[in-house]
Amino acid sequence: MRDNIIEYLKDPLLVVKVQNFFGIVYKRINQTDEASVIHSDRIDKDEDFDIKQHKRIPSDISGSSQSSYDTETSGDSNPDELELTIGNKFWYYLFVLGTALGDEIFYATFIPFWFWNIDGAVGRRVVLVWTVVMYIGQGFKDIIRWPRPGYPVKKLQQKWAIEYGMPSTHAMVGVSIPFSVLLYTMDRYQYPVHWGVVIAVSWCTLICVSRVYLGMHSVLDIAAGLLLSSSLLVVLVPLVDRLDGLLLTEFSAPLLVLAVSILVIVYHPQSDKWTPTRGDTTMIVSVCAGILIGSWTNYQLGNMAASDHAPPYEIIWPSVEMFGCMLLRTTLGFCGVLATRAFAKSFSYAFVCALLGKDKNELRNSEDSLHNKNKIFVECCYKYFTYGMIGFNTTYVFPNVFDMLMINRPTYYTEI
């Protein structure tokens, strides 16, 4: 019974059903260039359908979920090629936006914005939870090594298509970020918690459905990601809440953060093929390390103080002047992030290549392979340095620049 449920949730045809529901229409183009519409229910039942003329759907398209769950999506195993059309643009753009909530661009904007404009104490905890959840999820991908949905599913997004699919780290982000924000703010600030629950659930649902809609994950991938991240949150939220104080106040905390972050990258689970998973994991871990060390530096220099008032605190909404300062902080900050990324990436890549005696342009253009150890080492090093610097600048350098310009966010209560 359990095996049947797993096979059903893993079946690519279930992905096609979800896509059909939201307006995606599959067409089969045979060798005579005749198009025929394919619906998921008809794929299963091998029924007749009509577009301009009746054509019979070959029965080989409805093979078992195990045989059709393949990394190839082009339909090469079938004489007919599949193409799809998007019947509803609203769902398409909504789900493209939804999947972006789990992408690098979202992290690079949401995390700095939160620190510069909302609450650093909550930000540190959320980033640490997100990092641990993502590291475990990325590691499981290279351990389990289940491919993404195969034939007849067509992917609407090729980014990360080379990665394995189980579990869905987008689904894990959809749980870890909004729900950790909710859990860390519900007792800290006075606001209607039920609206926070609605936003968190909507956020998570949008991300999860978007991944199936785009053909990037099976329903089983999503379910596994939700279950794993929810289980981790039960343990991590209270643990990180206590750990944050130690990482902020202990004198040796930066050494511990650097040592642990480097070790988890070095001992990241090995895959049987090259994927961008290890590089993405390096980026996530290094951002977290930079943020924690930047926050520690602020505390050690006396830039943070405990509040005289006990939570929950009242939310103070920005005035017109405060809103203008927020826009200025955000604009200058993001320009700083881009400048940091450009300089740090160029410098660190060239420096590590020089240490290895390799030409940086030749190495950059070489093949992505597990056998290309030099390229893997250089990319992990430059990403660790670059994104670590971005994290450090986000929590220490840029806020101090904002102070000098007299546009920094007022700390109404406490950053501890």
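The values are calculated or read from the model by the stated rules, or taken from the named source; none is laboratory data. Remember, it's a predicted structure, so these values are computed and weren't measured experimentally. Methodologically, a virtual Cβ is constructed for each residue, glycine included, from the backbone with ideal geometry; neighbour enumeration extends over all protein chains shown.
Restricting the stretch 138-156 to residues that are of a type in the set (A, V, I, L, M, F, W, C) and assigned to a helix (DSSP H, G or I) leaves a set whose member that is surrounded by the most Cβ atoms within 10 Å (Cβ to Cβ) is Phe140. Would it be correct to say that Val264 is assigned by TED's automatic domain parsing to the domain that holds Pro192 and over 29 Å from Val401 (Cα atoms)? Here the answer is yes, as Val264 does meet what is asked.
Okay, residues lined up against (1) of a type outside the set (D, E, K, R); (2) buried (at least 20 other Cβ atoms within 10 Å of the Cβ); (3) farther than 20 Å from Thr185 by Cβ:
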| residue | (1), (2), (3) |
| --- | --- |
| Thr249 | yes, no, yes |
| Ser271 | yes, no, yes |
| Arg278 | no, yes, yes |
| Val287 | yes, yes, yes |
| Thr297 | yes, no, yes |
| Pro318 | yes, no, no |
| Phe323 | yes, no, yes |
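Being under 30 Å from Ser369 (Cβ atoms), surrounded by 18 or more Cβ atoms within 10 Å (Cβ to Cβ) and not charged (D, E, K, R): is that true of Gly123 here? Answer is no for this residue. Number of residues in the stretch 280-295 that are modelled with pLDDT under 90 and over 13 Å from the mean Cα position of the chain (by Cα): the value is 0.
Restricting attention to the stretch 348-370, which residues are without any contact (Cβ under 8 Å) to a residue 40 or more places away in the chain, part of a loop (DSSP other than H, G, I, E, B), of a type in the set (D, E, K, R) and closer than 20 Å to Thr275 by Cα? Walk me through it before giving the result.
Filtering the stretch 348-370 down to residues without any contact (Cβ under 8 Å) to a residue 40 or more places away in the chain leaves 348-367.
Then keep just the ones that are part of a loop (DSSP other than H, G, I, E, B); that gives 357-359, 365-367.
Next cut, of a type in the set (D, E, K, R) only: 358-359, 367.
Listed by number, the list holds a single entry, Glu367.
For Ile262, the criteria (1) surrounded by fewer than 19 Cβ atoms within 10 Å (Cβ to Cβ); (2) free of Cβ contacts under 8 Å to residues at least 60 places away in the same chain; (3) among the β-branched types (Val, Ile, Thr) hold in every case but one, which is (2).
What is the residue count in the stretch 324-336 for residues that are within 29 Å of the chain's Cα centre (by Cα) and farther than 14 Å from Trp114 by Cα?
Applying the first criterion (within 29 Å of the chain's Cα centre (by Cα)) to the stretch 324-336 yields 326-336.
The next check asks that each one be farther than 14 Å from Trp114 by Cα; those that pass are 328, 332, 335-336.
Residues in the stretch 324-336 being within 29 Å of the chain's Cα centre (by Cα) and farther than 14 Å from Trp114 by Cα: 4 in total.
Out of Gly123, Gly137, one residue alone is touching a Leu at 6+ places or on another chain (Cβ under 8 Å) and modelled with pLDDT of 90 or more. It is Gly137. Would you be able to tell me the number of residues in the stretch 262-286 that are touching a helix residue (DSSP H, G or I) at 6+ places or on another chain (Cβ under 8 Å), within 15 Å of Ile136 (Cβ to Cβ) and not β-branched (Val, Ile, Thr)? Final tally of qualifying residues: 4.
Yes/no per residue for (1) aromatic (Phe, Trp, Tyr); (2) in contact with an Asp or Glu (Cβ under 7 Å, 6 or more places away or on another chain); (3) not in a helix (DSSP H, G or I):
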| residue | (1), (2), (3) |
| --- | --- |
| Ser346 | no, no, no |
| Val378 | no, no, no |
| Tyr384 | yes, no, no |
| Tyr396 | yes, no, no |
| Phe402 | yes, no, no |
| Arg409 | no, no, yes |
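Remark: pairs (first residue in the stretch 232-255, touching a residue at least 60 places away in the same chain (Cβ under 8 Å); second residue of a type in the set (Ser, Thr, Tyr); Cβ separation under 7 Å; 6+ apart in sequence or on different chains) = Leu233/Ser176; Leu233/Ser180; Val237/Ser180; Leu248/Ser295; Leu248/Tyr299. Asn400 meets all of the listed conditions (1) surrounded by fewer than 19 Cβ atoms within 10 Å (Cβ to Cβ); (2) in contact with a helix residue (DSSP H, G or I) (Cβ under 6 Å, 6 or more places away or on another chain); (3) modelled with pLDDT of 90 or more; (4) of a type in the set (S, T, N, Q) but one, namely (2). Of the residues Trp160, Trp130, the single one that is outside any helix (DSSP H, G or I), within 17 Å of the chain's Cα centre (by Cα) and in the same structural domain as Leu338 (by TED's automatic domain parsing) is Trp160.
Could you say whether any residue in the stretch 133-151 is more than 25 Å from Ile29 (Cα to Cα) and free of Cβ contacts under 8 Å to residues at least 24 places away in the same chain?
Step one: of the stretch 133-151, the residues more than 25 Å from Ile29 (Cα to Cα) are 133-147.
Imposing the further condition that a residue be free of Cβ contacts under 8 Å to residues at least 24 places away in the same chain reduces the set to 144.
Yes.
Within the stretch 317-341, the set of residues being assigned to a helix (DSSP H, G or I) and among the small types (Gly, Ala, Ser) comprises Gly324, Gly333, Gly336, Ala339.
Being more than 27 Å from Thr185 (Cβ to Cβ) and of a type outside the set (S, T, N, Q): is that true of His371 here?
Values: more than 27 Å from Thr185 (Cβ to Cβ): yes; of a type outside the set (S, T, N, Q): yes.
Yes; evaluated as a whole, the condition is true for this residue.
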